[in-house]
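Engineer: Shown below is the structure under consideration.
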Amino acid sequence: MVKSQNGERNIVIELTNDICAINGIGPKTAEILKKSGIYTLRDFFYNLPRDYENFSAPTTIAKMRPGKVVIRGRILSIKSRQARKRRLTITEATIGDDTGSVKAIWFNQSYRVRQLIPEKEYYFAGDFSFKNGRFQLNSPSAAEIADVDIGSGLSPIYVAHGKVKSANFKKLVTKSRALFAEIPDLLPTVPAGTRKDALFNVHFPQSEKMVKAARNYLAYEELFELILASKLNRRENEKLKAASIPFDASKIRDFVASLPFKLTNAQRLAAWEIFQDMEKATPMNRLLQGDVGSGKTVVAALAAYEAFLAKKQVAILAPTAILATQHFENLSKIFRDFGARVALLTGATKDKASLKKSISDGEIDVVVGTHALLTDDTRFSDLSLVVIDEQHRFGVEQRQKLVLKSPDGLAPHLLSMTATPIPRSLQLTVFGDLDVSILNELPKGRQPIETSILKGIEVKEKLYPKIREILASKQQIYWVCKAIDDDPRAETMSVKMRTDKLKSVFPKTKIEFLHGRMKQAEKDDIMARYASGEIEILVSTTVIEVGVDVKNASLMVVENAESYGLAQIHQLRGRVGRGNTKSFCYLLTPDDMAPSMRLRELEKSSDGFHLAEVDLKLRGPGEIYGSLQHGALDLRIASFSDTKLIHRAQSDVDKFLLLDENMLKYKELMSGISKYQQLTTLN
Ligand code: ADP
Ligand code: MG
């Protein structure tokens, strides 16, 4: 129970109460909101506006000029009709003020008929332009006069939740205005302000400055939660016990000498950090970060070899069967002369039961597979090292499951590997429980991949000659498309359409396609034939994104490039240039638009870290860690550029953790961070 600050009135609200406690939310509305994850009062208050409409300084209808306008006017008439084109509803209104009237038009927003009541006055903001033979207001946003702050002219815009549109949510917020005063603080310390003011000010915007300060407050809360979650995870991890794996200098030296290349300094350093971790009796929790092609696999092999020397088992997890197979083949080669028994376990594995028995009997030393390897029915005799390729991290719960796989209650050492660079700010917050090793050096002889942006109309003139050149020199090509199936309405080509098109232009070339909906065996077959050089052009979706290593591929084409995050394109680009030949990447963009500055960064930079920073700034963390998006990392306010705020939060969290009783005292905080603690991309 939470008492109000002054203690006298003793009004209490429980933020964990069901949203039905809010005046105006009946069972139907509650059901809709719950579908969007809004269950409690807390969720309700934290459903922050996604933006604000500025209705300040409205003009009169007579004075409107083409462009963005704001007016204040009455609805004179409004109605919806079905357009001849199927699935298009057109809503038209006439809006009037003392100086005249204007038509407004909306597409597929028939709810406007219910929202906007004839004779009632509203603010409208939208584009005033010449369409269909007249000047009109196109899809203007609308707000009730009472909902717009008189001083600032600001009105919040909320994400629509099904039938609960922005305006409906705004009404609910207005109705619960009095509740805000009762919101207790979440954190013991904050830089400035109170939580109830911050939440009030984002929902009832009185000035841009106050909104900014309020969002800053909430960003701080979020940072505090993330950092607390990661520090607690680190603590939990330190409580676990692991088998100490001794470092065997001379055996490792022989192993390194057997490799067909010299390790880079960065690889040596990373391996050294890993060996030191593995010697400890607490489990390693390390992230090995390195740009595509930086050679992470061999570092993992070194760690695996060390575990093998200590007679321990190793599991290596890859996100796809293709990648698992490739790792299996590489490791089998590397380990051939060292006696380690390596096995592959994927969906396609024939006699799974007998392989699983060998694993549990300890007859296999290194198992490579997809994450299905960690399901309950795979048992190990002595699992001591888990390597996860191209995944970001393990949540607490998954860690605990792994402990159960080991007979002595020991947790395996964990090494995660990723080619997605993690900016410093995220390392301090979201990934704060991990130790990090970085491969910041590519093996010798690699040349930067020449990257160019091309418009669709330039393909024939500029890209086709390049393709001919590549084919003539017996090199191979990847061509990445967005969609699998044909969609006549879409402007971009599907995998199938593009394949047909290329076949018609290059009739003598062996061209095939690959996508995620194909059967595993089929995918594996195509990938194998591409790797062997039989297939010359492979058209595919982003399934080839991670890890696959075909040294002879030297041209990557990414269609629809604007729709991807930079880090993702950088990953795709990393599929070529893995041998010693000069490689190229072409990014295709629409004809009718200048390429974005964002995309231009890819032409200029081959530094994954830099690209990740750009993405983080412009598109938030979800874009970089796409797979995390549907996990817990849908942050309300991604404020990772404010390093001062991050450091402040760090030191406040440290102080918070000094007092164990805090964990009991700050219940809401502790329950809120559990979702971050579970953060994992293994799904
Ligand atoms: P990634 O970090 O993208 O997973 P890989 O481990 O697949 O990179 O390595 C890319 C390629 O570079 C592989 O063919 C690997 O054999 C090779 N390689 C790794 N380390 C070195 C090195 N030190 N010198 C030369 N080639 C190397
Ligand atoms: Mg790799």
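What follows draws every value from the coordinates through simple rules; no lab data is involved. This is a predicted model, so every value here is computed, not measured. Note: ideal-geometry Cβ built from the backbone for every residue, glycine included; neighbour counts use all protein chains shown.
Engineer: At what distance in nm do the modelled label points of S354 and K644 sit from each other, each positioned 7 Å from its Cα along Cα→Cβ?
Structural biologist: It is 6.8 nm.
Engineer: Turning to a different aspect of this structure: Can you tell me the order of 185-198, 415-428 when each peptide is scored by its average per-residue count of other Cβ atoms within 10 angstrom, highest first?
Structural biologist: 415-428, 185-198
Engineer: Moving on to the next point. In what sequence, highest mean first, do 657-663, 21-27 appear when ranked by Cβ atoms within 10 angstrom?
Structural biologist: 21-27, 657-663
Engineer: Applying 1/(1 + (r/R0)^6) with R0 = 35 Å to the Cβ-Cβ distance of N662 and A178, what FRET efficiency is obtained, to the nearest 0.05?
Structural biologist: 0.70
Engineer: Given the pairs K35/K196; K68/K103; K455/K496, which span a C-alpha to C-alpha distance of over 19 angstrom in this model?
Structural biologist: K35/K196; K455/K496
Engineer: Further question: Once all Cα-Cα distances of region 450-605 are split into 5 Å bins that start at 0, what whole-number percent is in each one?
Structural biologist: 2, 9, 20, 24, 23, 15, 6, 1, 0
Engineer: Then there's this: Which residues' amide hydrogens lie under 5 Å from the amide hydrogen of H413, considering only partners 5 or more residues apart or on another chain, with H built in the peptide plane?
Structural biologist: Counting only residues 5 or more places away or on other chains, the set is M284, L385, V386.
Engineer: Indicate, rounded to the nearest 5 percent, the antiparallel portion of the DSSP beta bridges found entirely in the chain.
Structural biologist: 40 percent
Engineer: Could I ask something else about it? Averaging sequence separations of C-alpha pairs under 8 Å and six or more residues apart, then dividing by the length of region 55-157, give the relative contact order as a whole percent.
Structural biologist: That works out to 29 percent.
Engineer: Where nothing but the Cβ of Lys and Arg (+1) and of Asp and Glu (-1) is charged, how large is the charge dipole of region 405-464 around its Cα centre, in debye to the nearest 20?
Structural biologist: 280 debye
Engineer: Same structure again: What percent does the relative contact order of the chain come to when contacts are Cα pairs within less than 8 Å and at least six residues apart?
Structural biologist: 12 percent
Engineer: If the reach is capped at under 18 angstrom between alpha carbons, list the lysines near K444, excluding any in the same chain fewer than eight residues apart.
Structural biologist: Reachable lysines: K262, K296, K551, K582.
Engineer: Which of the peptides 592-601, 227-236 is most tightly packed, and how do the rest follow, going by the mean number of other Cβ atoms within 10 Å of each residue?
Structural biologist: For the peptides 592-601, 227-236, the packing ranking is 227-236, 592-601.
Engineer: If you don't mind, there's one more thing I want to ask. Please report the spacing between the Cα centers of region 519-534 and region 558-608 in Å, no decimals.
Structural biologist: Result: 25 Å between the Cα centres.
Engineer: Still on this structure: Explain nothing, just the number: dipole magnitude of the chain about its Cα centre with +1 on each Lys and Arg Cβ and -1 on each Asp and Glu Cβ, in debye rounded to the nearest 20.
Structural biologist: Dipole about the Cα centre, nearest 20: 1820 debye.
Engineer: Run the numbers on region 313-448 and let me know its relative contact order in percent, using alpha-carbon pairs under 8 Å that are six or more apart.
Structural biologist: Relative CO of region 313-448 lands at 26 percent.
Engineer: What does the convex hull of the Cα atoms of the chain come to per residue, in Å³, rounded to a whole number?
Structural biologist: 192 Å³
Engineer: Just to confirm my numbers, what's the Cα centroid distance between region 226-262 and region 367-381 in Å?
Structural biologist: 20 Å
Engineer: If you take the beta carbon distance between N138 and T94 as r and set R0 to 22 Å, what does 1/(1 + (r/R0)^6) give as a FRET efficiency, to the nearest 0.05?
Structural biologist: The pair N138/T94 has a calculated efficiency of 0.90.
Engineer: With label points built 7 Å along Cα→Cβ from the Cα atoms of E450 and S563, find their separation and express it in nm.
Structural biologist: 2.9 nm
Engineer: Just to be sure I understand the model, the point goes 7 Å from the Cα along the line to the Cβ. What's the resulting R529 to T189 distance in nm?
Structural biologist: 6.5 nm
Engineer: Can you grab the distance from the C-alpha centre of region 117-178 to the C-alpha centre of region 438-453, Å, no decimals?
Structural biologist: Taking the Cα centre of each part, region 117-178 and region 438-453 sit 50 Å apart.
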